[in-house]
């Protein structure tokens, strides 16, 4: 079964440019995103749910996990579990696996690309990071925020790129700060070591150099997941940050960057305390 069907998606799209692609180009793109391999894995584990699905995928790729600070996960699950976003798929799987194994369930702030993985659909709280969301989406998201379920989130909104000579997130969005305050959700910071392939960053640099706005390097993210096969993923869990921390001494956007900076400090010291 084709859970992911690039040719059909292009045919159904509103883009006249994409529809002009000849068949061999579409097939080449399918190979780049590893469409056949992804469909095989999704079909293979179609009956797996929750933590069982996450464990199965980690096992399928033979990924070894090394975690520091597991004891920092609070007993109260009504938190935002936020992280840097170096990989695009693998870090999302590991973040949500860690949370669901501790708390039994979760909601991940994510976009519509997750609809291609049936196992994840019940756990996704949809947002549109590139534009306005519908009133229905906003209302459903509000219910998630107000519930007591654990929420995972990558506040950068997109995968890390090379900025100022090093791989890092862009500035974090402020929404998780506002919701932390309004919904009284503490923030649990995660930091993932590692980065994607040189090809991923090279295509990004070339695209930006030519002024191309479409994030064409995103098509490589499935390939980046396959690059993690038989590898070790190291990550750190920091101590929870109380929602009461976010007072009026800074704006929400400023607080978001302060938390971002703290996450990157976890790379050197998992026990570092927030200096705010």
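None of the figures in this text is laboratory data; all of them are computed from the coordinates on show. Just so it is clear, the structure is predicted and the values come from calculations on it, not from any experiment. A quick note on method: Cβ atoms are made from the backbone with ideal geometry, for glycine too, and the neighbour counts reach across all protein chains shown.
Please pull out the direction-averaged projected area of the range 70-199, using the convex hull of its alpha-carbon atoms, in nm² to one decimal place.
It is 8.7 nm².
Any idea how far apart residue 19 and residue 66 come out in nm if each label point goes 7 Å out from Cα toward Cβ?
My value for the distance between the label points is 5.1 nm.
For 183, 79, what's the fewest-to-most ordering of other Cβ within 10 Å of each Cβ?
183, 79
Among 186, 247, 16, determine the one that fluctuates most according to a GNM of the chain built with springs between C-alpha atoms less than 10 Å apart.
Answer for the Gaussian network model of the chain: 16.
Go ahead and estimate [θ] at 222 nm for the chain from helices alone: -39,500 (n - 2.57) per DSSP H run with n ≥ 4, summed, over the residue count, rounded to 500.
Helix-only estimate at 222 nm: -11500 deg cm²/dmol.
For Rg and Dmax of the Cα atoms in Å, several values are listed as (1) 18.8, 57; (2) 17.8, 57; (3) 20.9, 65; flag the one computed from this structure.
Only one option fits the structure, namely (1).
Calculate the translational D of the range 1-130 in whole µm² s⁻¹ from Stokes-Einstein, where the hydrodynamic radius comes from the Kirkwood formula applied to all Cα pairs, the temperature is 4 °C and the viscosity 1.567 mPa s.
Estimated diffusion coefficient is 77 µm²/s.
Report the residue, chosen from 111, 84, 215, that carries the largest GNM mean-square fluctuation when the chain is represented by alpha-carbon nodes joined by springs under 10 Å.
215
Compare 235, 61, 87 in a GNM of the chain, Cα atoms joined below 10 Å, and give the one with the largest fluctuation.
Highest fluctuation of the listed residues: 61.
For the range 1-67 and the range 224-276, compute the distance between their C-alpha centroids and round to whole Å.
Between the Cα centre of the range 1-67 and that of the range 224-276, the gap is 30 Å.
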